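The values are calculated or read from the model by the stated rules, or taken from the named source; none is laboratory data. Predicted, not measured: the structure shown is a model, and the values here were computed from it. Neighbour counts are summed over all protein chains in view; Cβ atoms, including those assigned to glycine, are modelled from backbone coordinates with ideal geometry. To get the accessible areas, we keep the full protein, side chains included, count just its heavy atoms, and leave off ligands, DNA and RNA. Shrake-Rupley method; radii C 1.70, N 1.55, O 1.52, S 1.80 Å.
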Amino acid sequence: MDYIRIFQSKLDQLKDQNFYRTFVELDRQAGNHPHALWNSADGQKPVVVWCSNDYLAMGQNPSVVKAISSAIEQHGAGAGGTRNISGTSAAIVALETELAKLHGKERALVLTSGYVANEASISAIAGLLDNIIILSDEMNHASIISGIRYARCDKVIFRHNNLKHLEELLAAQPIDRPKMVVFESVYSMDGDTSPVIEITALSKKYNALTYLDEVHAVGMYGDEGGGIAQMCGIQDEIDVIQGTLGKAFGVAGGYIAADDVICDAVRSFGSGFIFTTALPPALAFGALESVKYLRNNSSERTSLQHQVGKLKTKLREVGLPILEGSTHIIPIMVNDAIKCTKICQILLQDFGVYVQPINYPTVPKGAERLRLTPGPFHTDTMIDHLVDALLKSFKKASTR
């Protein structure tokens, strides 16, 4: 059997359908966010990044950078292995304590990424409950889907943010059957939020655990950056809050915050936690500094919201097809994979604007889009330049 030929044919299919992912080589510049250097075929060129998940530029915050560099000098680069084999660093212990405080929970558990946190936590929690059924929003992230798959339990999918459908599915189950409702607070492709208060109330009504993915909300919303649940005043009512340290907190890693027993169960039964090398102390100290900073400073969040509002207004004024939402994520609908890719190429090559096309399978076929994430350091001049570049790129892509 010619394995290589089979793999190549599958890759060729992706390319033919314009779903093949190409990576743009960028060098971020410390202290100069959102500017970066694009390593193009013609050499380095300056670009402005408009699609970073480092929403608040905390990855370049001086206090975070100092915390990481100081920790490397003191503790070295790596973690040495899993927490069980190589010992738990004081940095991770302190970080977990801070995250528990952020979410008002008894305990937090740090894992190597938000993806791993979902996969390990959902599969471990569900695996310990006999005959459990998971109810999952149809727009949930791939990591949630993977965690449910590894749980090997019954599942049902409820229509996105549809409370009536969710209640119908909950009511169809015996009240004493173990149930867990898994949903996100901010959905990163549409930029919308879930009705967290109502979903939580329904879950309690039908005796279900709640598992809330807040990866695109932590650091961003709430008085201390605890997310949508904190902003709505219901984080105490959520059983498991899952977050990331790699987006608004600007570093790397993932976590859950929950009751002490739930965290201990994931620690003891979650393969993705047990068998994975721990977060290096330097990254844990950096994340700790970032969480502390954003718990006590709201200027970055406030500035971001101002710039988000300005960009949305200008995009509406010129008639670009944005998907309306209440969050910091601004999708511009293109609805054509080839055109979406062309627009991004034109933006980069002609205008020094870096935006990645969002194509299938991240979004459904025919729902291709650009995903803009304005931040606190995108100036009004940058916004004007982006809107002008978008108009010209849309027009140029349509005539090619």
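For the chain, the longest principal axis of the C-alpha atoms and the axis of helix 62-75 are separated by about 60°. Reported value for the stretch 229-340: 182 Å³ per residue, from the convex hull of its C-alpha atoms.
The H on the amide N of residue 190, modeled in the peptide plane, is under 5 Å from the matching H of no residue at least 5 residues off or on a different chain.
The apolar share of the surface of the chain, taken as the fraction of accessible area on carbon and sulfur atoms (1.4 Å probe, ligands and nucleic acids excluded), comes to 52 percent. Which net charge results for the neighbourhood of residue 148, defined as the other residues with beta-carbon distances under 15 angstrom from its beta-carbon, given Lys and Arg at +1 and Asp and Glu at -1? With Lys, Arg at +1 and Asp, Glu at -1, the net is -2. How tilted is helix 3-16 with respect to the longest principal axis of the chain? Cα atoms for both, answer in degrees (0 to 90, nearest 10). Taking the Cα atoms of the chain, the angle to 3-16 is about 60 degrees. Taking 27 Å as the limit for the C-alpha separation, the pairs 10/179; 45/292; 312/342; 205/365; 10/312 exceed it in the case of 10/179; 45/292; 205/365; 10/312.
Can you list the residues of the stretch 237-281 with backbone N under 17 Å from a point 7 Å past the Cα of residue 70, pointing along Cα to Cβ? Flagged as within label range: 281. Per residue, the accessible area of the chain comes to 45 Å² when a 1.4 Å probe rolls over the protein heavy atoms. If you fit an axis through the alpha-carbon atoms of helix 142-151 and take the longest principal axis of the Cα set of the chain, what angle between them do you get, 0 to 90°, nearest 10? Tilt relative to the chain: about 30 degrees.
Averaging over all projection directions, the Cα-based convex hull of the stretch 1-65 occupies 7.1 nm² in the image plane.
Once the mean 1/r over all distinct Cα pairs of the stretch 252-400 is inverted, what Kirkwood radius in angstroms do you read off?
Numbers: mean 1/r = 0.0545 Å⁻¹.
18.4 Å is the Kirkwood radius here.
Once Rg and the Kirkwood radius are both taken over the C-alpha atoms of the chain, their ratio Rg/Rh works out to 0.97.
Other residues within the sphere of radius under 12 Å centred on the Cβ of residue 118, judged by their own Cβ, net out at -3 (K and R +1, D and E -1).
When each of the peptides 24-34, 355-365, 251-261 is scored by the mean number of other C-beta atoms lying within 10 Å of its residues, the order from highest to lowest reads 251-261, 355-365, 24-34.
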